[in-house]
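**Q** One structure coming up, written as structure tokens, with questions to follow.
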Amino acid sequence: MIQEEWRYWASTGSITPGGPSKWHVVDWDQRRIITVTMDEEQDSADLAIEHLKKHIDTLGPDVYDIHLSPDGTLISTSTDPRDDHTMCVYYPPLQHTPRPDRVNTVLRTELRELDRIGQNVDLVSYTPPLEATKQVNKVVFKYYFIWQFMKTRWSEMNLWMWLPPHPNIVPFDRIVLDEMNGHIVGFTSVYIPGGTIDENGSRVFKLKWLKQLMHVADDLNLRYGVMHQDIAARNLVVDSNTDSVMLFDFNFSARIGVSGGPCDSGYSQDRNDVKGVIFTAYEIITRDQHFRDVPPDQQDTADLDRLEEWVQHPDVKLDHHVSEYRSVLNEWAERRREGKQIAICTEAPEYIDWPTLPSPPKKQVRHTDGTSTVWEMWMENRRDKGKGNALNWERPPQNRLGSVQT
């Protein structure tokens, strides 16, 4: 279930001096947008979200706007389609998207929801149609239904699916297509049970897992020209079958030296993976995360070097003394500093590349002054498109569905 603190996000809004205020709030749980209208001027969405929480799970599926009193009492609701601020975003056609031969597809309608992990991330299952055993695959489904996630999902999907299989990277699974046009709405990756290293603190954190993490960082950076840029315990799982640590979640990843563009999240040296590995090891051992509670450009591993000792948290279990973890890290960091450097991804021997996100079809848009403009339709209002012609993402609140076994 999506944690309450991450469930809501105010994507846009409009504030009239002196009031009223309107905030268009995304509910990631129900995958819908509700406009919260308040008579007073509110330059922050925080109050609107706090009031919305009181009513969100009881609102009908066709409610687009709610009018609230200053204390959050529900005054009225609107089901008028003109109050619908849902945007229909562009999804690229499969035929315009190169993919490795090993990557197959699955329809969104073939996925059965098991749990809601986070924003635009679900745990799902499906039965591969061509497998005689009919074994159900449990996978993680990442998608987007608002335009702000379009570029990062495209970048993450392409990077992940073009990476060769690696013993320390969670495997890419399939491209997910919509049931209306067969366009790409997201992708799945293999689900590794047992929780992340951050979530499951009862496991012994083995020295060999740290070595595996350093190895996969080397391969990503020096072999494939990719920087993960978000190495942390929350993005690490352990495959119990191979007793190996596995890295996942490439939504911050980028090609080294590429600053960003139509299909890149954007490379930043301040988020380099050597720093990520060192900070992650320290945080796992000590459970002290304050060194990364500052922006990336202020994070300095020298702060850790100056510590006389890393104090092992009493609840943390290790299979070697803390000094051995630090020694291995220091030797590796020195090798990386003195060894070959990759200034741009194309210097890597097996660098990963992918095409720009295909452009959407063009449409003539007429304005209120009688003029018109031809635009590429990256998104359009659902009220203009017509609800019956839009891909539907909305769903009931999870607390109405009951718990699921994951």
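FYI, it's all coordinate maths here, none of it is from the lab. Bear in mind the structure is a predicted one, so any value in this text is a computation, not a measurement. Note that each Cβ is placed from the backbone with ideal geometry, even for glycine, and that neighbours are counted across all protein chains shown.
**Q** Going through the stretch 1-65, which GluC sites (Glu not before Pro) have at most 15 other Cβ atoms within 10 Å and a DSSP loop state? Please report the intermediate quantities before stating the final value.
**A** Details: sites: Glu4, Glu5, Glu40, Glu41, Glu50; in loops: Glu40, Glu41.
Answer in residue order: Glu40, Glu41.
**Q** Would you mind listing how long the chain runs along its three principal axes, going by Cα atoms, in whole Å with the largest first?
**A** Here the spans come out as 67, 49, 47 Å, largest first.
**Q** Would you mind checking Lys53/Lys142; Lys54/Lys275; Lys22/Lys142; Lys275/Lys362; Lys54/Lys142; Lys53/Lys206 for any pair whose Cα atoms are more than 32 angstrom apart? Walk me through the numbers on the way to the answer.
**A** Details: Lys53/Lys142 25 Å; Lys54/Lys275 42 Å; Lys22/Lys142 29 Å; Lys275/Lys362 44 Å; Lys54/Lys142 28 Å; Lys53/Lys206 42 Å.
The pairs that break the limit, which is 32 Å between Cα atoms, are Lys54/Lys275; Lys275/Lys362; Lys53/Lys206.
**Q** Any number yet on Rg/Rh for the stretch 230-362, C-alpha, Kirkwood? Don't skip to the end; give the middle numbers.
**A** Values: Rg = 17.6 Å, Rh = 17.2 Å.
Here Rg/Rh amounts to 1.02.
**Q** Simple spin-label model, 7 Å along Cα-to-Cβ: Thr371 to Thr105 in nm?
**A** 4.0 nm
**Q** Give me the net charge of Asp319's neighbourhood, meaning all other residues with Cβ under 9 Å from the Cβ of Asp319; Lys, Arg count +1, Asp, Glu -1. Don't skip to the answer; put the middle values down first.
**A** On the way: positive: Lys206, Lys208, Lys317; negative: none.
Neighbourhood net charge equals +3.
**Q** Sort Ile344, Ile2, Ile231 so that the residue with the fewest other Cβ atoms within 10 Å of its own Cβ comes first and the one with the most comes last.
**A** Numbers: Ile344 13, Ile2 18, Ile231 27.
Going from sparsest to densest Cβ surroundings: Ile344, Ile2, Ile231.
**Q** Under unit Cβ charges (Lys, Arg +1; Asp, Glu -1), what dipole magnitude, rounded to 20 debye, does the chain have relative to its Cα centre? Walk me through the numbers on the way to the answer.
**A** Values: 45 positive and 61 negative charges, 273 e Å.
About 1320 debye.
**Q** Show me the three semi-axes of the equivalent ellipsoid for the stretch 194-268, from the C-alpha gyration tensor (sqrt of 5 times each eigenvalue), largest first, rounded to whole Å.
**A** On the way: eigenvalues 138, 36, 15 Å².
Sorted largest first and rounded, they come to 26, 13, 9 Å.
**Q** Out of Ile278, Pro296, Thr86, whose Cα points farthest toward the positive end of the dipole of the chain (charges: +1 Lys, Arg; -1 Asp, Glu; placed on Cβ)?
**A** Working it through, the farthest residue towards the positive pole turns out to be Thr86.
**Q** Oh, and also: Name the most mobile residue of Asn389, Asn251, Asn221, meaning the one with the largest mean-square fluctuation, in a Gaussian network model of the chain with Cα contacts below 10 Å.
**A** The residue with the greatest mean-square fluctuation here is Asn389.
**Q** So, one more: Can you list the DSSP H helices in the chain whose Cα atoms extend at least 15 Å along the helix axis and whose mean Kyte-Doolittle hydropathy is 0.5 or higher? Before the final figure, lay out the partial values.
**A** Working: long enough: 150-162 (18 Å, -0.78); 207-218 (17 Å, 0.03); 273-286 (19 Å, 0.89); 322-338 (24 Å, -1.49).
Qualifying helices, which must be both long enough and hydrophobic enough, are 273-286.
**Q** Give the residue list of trypsin sites (Lys or Arg not before Pro) in the stretch 109-190 that are DSSP loop and have at most 12 other beta-carbon atoms within 10 angstrom.
**A** Working: sites: Arg112, Arg116, Lys134, Lys138, Lys142, Lys151, Arg153, Arg174; in loops: Lys134.
For trypsin sites (Lys or Arg not before Pro) across the stretch 109-190 that sit outside H, G, I, E and B with at most 12 neighbouring Cβ atoms in 10 Å, the list reads Lys134.
**Q** To continue, here is another question. Based on a Kirkwood Rh over C-alpha pairs, give the Stokes-Einstein translational diffusion coefficient of the stretch 91-190 at 4 °C and viscosity 1.567 mPa s in µm²/s.
**A** Numbers: Rh = 13.9 Å.
Using the Kirkwood radius from Cα pairs, D works out to 93 µm²/s.
**Q** Let me ask another. Please arrange Thr368, Thr242 by how many other C-beta atoms lie within 10 Å of their C-beta, fewest to most. Please list the in-between numbers first.
**A** Values: Thr368 5, Thr242 11.
Least to most surrounded, the residues fall as Thr368, Thr242.
**Q** Same structure, new question: Identify the GluC sites (Glu not before Pro) of the stretch 264-364 meeting these criteria: DSSP loop state and at most 15 other C-beta atoms within 10 Å of the C-beta.
**A** Numbers: sites: Glu283, Glu308, Glu309, Glu324, Glu331, Glu334, Glu338, Glu347, Glu350; in loops: Glu308, Glu309, Glu350.
Filter output for the stretch 264-364: Glu308, Glu309, Glu350.
**Q** Treating only the Cβ of Lys, Arg, Asp and Glu as charged (+1, +1, -1, -1), what charge dipole size does the stretch 204-347 show about its Cα centre? Round to the nearest 20 debye. All intermediate terms of the calculation are to be shown ahead of the outcome.
**A** Details: 17 positive and 25 negative charges, 62 e Å.
Computed about the Cα centre, the dipole is about 300 debye.
**Q** Over the Cα atoms of the stretch 4-85, each weighted equally, I'd like the Debye log10 I(q)/I(0) at q = 0.19, 0.20, 0.22, 0.24 Å⁻¹, rounded to two decimals.
**A** Values returned for q = 0.19, 0.20, 0.22, 0.24 Å⁻¹ are -0.74, -0.83, -1.02, -1.23.
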